[in-house]
Amino acid sequence: MAITRLLSPLQRTASTRATSFASALTPPVKSAVRGSSWLAEYLKKQAEKEAEQKAAEEQAAAEQAAAEQAAAEQAAAEQAAAEQAAAEQAAAEQAAAEQAAAEQAAAEQAAAEQAAAEQAAAEQAAAEQAAAEQAAAEQAAAEQAAAEQVSAEQAALEAQKQAYKDDADFIYENDGNTYDNVDLTGTINPSTGQSPNWFLDVGKGKYTTGEGDDVAYMDGYGVLSTRGGDDIVYVENTSDELWISAYLGEGNDMAFGGKGHQEIRGFHGNDYIDSGDDTDLVNGGGGADEFIIDLQNSGVDTILDFVHVGDKITVLDGGESSQGDWYLNFSDSFNGLVGYANNAVPQQFCEIWSSDNELKAVFGVGVDNTAYIDDLANFHNTTAKMSSDGIQILTTEFVSPEEGGSLEFV
């Protein structure tokens, strides 16, 4: 930087005046003042030096101020940046803390919900386990009760069977391994001179008793015939293909069928016929007979002669009163025993159906098919009463085949 640039206006004026003053002196004066020129020069230089010194100081001060300003601004900027960073750090830490708190709360909430769900699941499982155990206990109790009931019924049957056996005059038994042909009609009890009361416990074969009050148990296919007397027969057939036939003679007889196919025919007398399970053929004969139809049994029973005064069909449901769990249907087609269909005369039929819409029994309307032959069928106009547990014939009269049979409820 040039020195003149550093001279203040006052310094430049003083220097100019001194130069002009020296130039204006006359030669004599110049020599006199030549010494003072040096002084002026000195003063000028001194002034310039001072001016430069001052300018340098001012420049230094300005630079110092600028440096301080810059430092201050730098410090302020750094302070602001530090504060901004601190604020951001604090905000980040706050956010992180809030995030951590939220995650902790969410984790605790999830843990609580998980614990609640597990508790609920455990309670549900416990409830289901308890219900299952209760159901199992009830099932076991029911099965136990049923088994005990069956056992009690079996024991009662065995006791009844033993009582019959004890009361009989004579006993005939076999193991049922062979087909026996036994005729006891000519036997006489020497103590009475009359036909004895026989007890039979037999298997497959052909058996005939006389005029006594006989009791017979037959398990197997074949024929069982009783003559006179009030007889009781139990028949069951273990073969699905073959039949067992029970022919009851005169007297008030009782017949009980079991599993398998049975043909049970009464004669004169008021007979009680329960044909049991599977498809059976029953015929009461003369007298007021009662036919048992159980809705729980399988198969379709065919009743050949529901025409006599006092004849009754009793409808049961598992051995108990059916309470109307059945209905009657009139039909022009025969839907009973297939083997009998070819011998059924043109007639109308009544059908007994369970409330589950299963056909259980069929009988001809006002027709006695006892002979099992078309030409010998008898036709009747009948009236009957019907209740929730069955049907009973009230009146009957013969009519011609041309008129055909009828059934009216009163």
Taking a straight Cα-to-Cα line shorter than 29 Å from Lys259, and setting aside same-chain lysines fewer than 8 residues away, one finds Lys161, Lys165, Lys204, Lys206, Lys312, Lys360
Candidates per GluC sites (Glu not before Pro) in segment 189-282, loop by DSSP, up to 13 other Cβ within 10 Å: Glu241
As straight-line cross-link partners of Lys45, the qualifying lysines (C-alpha separation under 16 Å, not fewer than 8 residues apart within one chain) are Lys54
Expressed as an acute angle from 0 to 90° and rounded to the nearest 10, what is the orientation of the C-alpha long axis of helix 27-167 relative to the principal long axis of the chain? 10 degrees
Please report the antiparallel percentage of the DSSP beta bridges confined to segment 163-409, to the nearest 5. 35 percent
Distance between Cα centroids, segment 375-407 to segment 127-144: provide it in whole Å. 52 Å
Cα-Cα P(r), the chain, percent of pairs per 20 Å interval: 18, 28, 10, 6, 6, 6, 6, 7, 8, 4, 0
Give, rounded to the nearest 20 debye, the magnitude of the charge dipole that the chain has about its Cα centre when Lys and Arg contribute +1 at Cβ and Asp and Glu contribute -1 at Cβ. 6180 debye
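Between beta-carbons, use under 11 Å as the cut-off and find the net charge around Gln64, counting Lys and Arg +1, Asp and Glu -1. If you can, show how the numbers build up before the last one.
Details: positive: none; negative: Glu57, Glu58, Glu63, Glu68.
Around Gln64, the surrounding residues sum to -4.
I'd like to compare 305-318, 274-287, 70-83: which one has the highest average count of other Cβ atoms within 10 Å, and what's the full order after that? Spell out each step's value before the answer.
Working: 305-318: 20.1, 274-287: 22.9, 70-83: 11.4.
Top of the packing list down: 274-287, 305-318, 70-83.
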Per the Kirkwood treatment, what hydrodynamic radius in Å, one decimal, follows for segment 60-150 from the mean inverse distance over all distinct Cα pairs? 20.4 Å
Relative to the first principal axis of the alpha-carbon coordinates of the chain, what is the inclination of helix 9-24, with its axis defined by its Cα atoms, in degrees from 0 to 90 and to the nearest 10? 20 degrees
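Run lengths n ≥ 4 of DSSP H only: what is the helix-derived mean residue ellipticity at 222 nm for the chain, with -39500 (n - 2.57) per run over all residues, to the nearest 500? Please list the in-between numbers first.
Numbers: 2 runs with 157 residues, N = 410.
The per-residue figure over the chain is -14500 deg cm²/dmol.
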How far is it, in nm, from the label point at Gln69 to the one at Gln139 when both lie 7 Å from their Cα along the line to the Cβ? 9.9 nm
In whole percent, what relative contact order does the chain give with Cα contacts below 8 Å and a gap of six or more residues? 6 percent
Multiply the residue separation of Ala80 and Glu58 by 0.36 nm, subtract the distance between their alpha-carbon atoms, and state the gained length in nm to one decimal. 4.8 nm
Stokes-Einstein D (µm²/s) once Rh is taken as the Kirkwood radius of segment 186-314 over alpha-carbon pairs, at 4 °C in 1.567 mPa s: 89 µm²/s
As I understand it, the dipole of the chain uses +1 on the Cβ of Lys and Arg and -1 on the Cβ of Asp and Glu, about the Cα centre. Which of Ile293, Ala130, Gln59 lies farthest toward its positive end? Gln59
What is the sum of charges around Asp175, taking Lys and Arg as +1, Asp and Glu as -1, for the other residues whose C-beta is under 14 Å from the C-beta of Asp175? -3
Give the separation of the Cα centroids, segment 179-221 to segment 253-326, in Å. 24 Å
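Every read-out reported here was derived from the displayed coordinates using simple, explicitly stated rules and does not represent laboratory data. Keep in mind the model is a prediction, meaning the values are calculated, not measured. In this analysis, Cβ positions are derived from the backbone assuming ideal geometry, glycine residues included, and neighbour counts consider all displayed protein chains.
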